[in-house]
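Report on the structure given below.
The values are calculated or read from the model by the stated rules, or taken from the named source; none is laboratory data. In this text the structure is predicted, and so the values were computed from the model without any measurement. Don't worry about glycine lacking a Cβ; one is built from the backbone with ideal geometry, like all the others, and counts go over all protein chains shown. Protein only, heavy atoms only, side chains kept; ligands, DNA and RNA dropped before computing areas. Shrake-Rupley method; radii C 1.70, N 1.55, O 1.52, S 1.80 Å.
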Amino acid sequence: MVSVEVIAVTGGKELPITGRISAPARQEDGSWLCTVELAPLQQQGLNVRGVDSFHAIWLACSLILKVLVQLKESGADLRSHDGSEFPLDAYLAGLDEKS
């Protein structure tokens, strides 16, 4: 399992967020599945399916990053546990075709 921890600060309130991705598992149909948890934003994990294990992990990571981008765009300040700014741009670097 891999994870990322972020603190979203909005309106002076802190919301610790933990994103977890399970190891991909091959399915009977040949696809690969991993579960994405985004606590406490989701009550249940989401199953992400890819054509291979790399694709499943890629989609799972992309899902977590999209949620973090949406939080930031809605006005949340994203912080690391040490209080520094969460390096969202570093996670997104190179993903934009214009970069």
Additional length obtainable on full extension of the chain from Glu28 to Met1, 0.36 nm per residue less Cα span: 7.6 nm
Net charge near Ser80 (other residues with Cβ under 15 Å of its Cβ; Lys, Arg +1; Asp, Glu -1) is -4
Per residue, how much accessible area does the chain have with a 1.4 Å probe, in Å²? 67 Å²
Based on the inverse mean of 1/r over its pairs of different Cα atoms, what is the Kirkwood hydrodynamic radius of the chain, in Å? 14.4 Å
Of all accessible heavy-atom area on the chain, the percent that carbon and sulfur account for (1.4 Å): 52 percent
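Lys and Arg at +1, Asp and Glu at -1: add these up for the other residues within a Cβ distance under 14 Å of Ile7 and post the number.
Values: positive: Lys13, Lys72, Arg79; negative: Glu5, Glu14, Asp77, Asp82, Glu85.
Summing Lys/Arg as +1 and Asp/Glu as -1 gives -2.
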Lys and Arg at +1, Asp and Glu at -1: neighbours of Pro24 with Cβ under 11 Å from its Cβ sum to +1
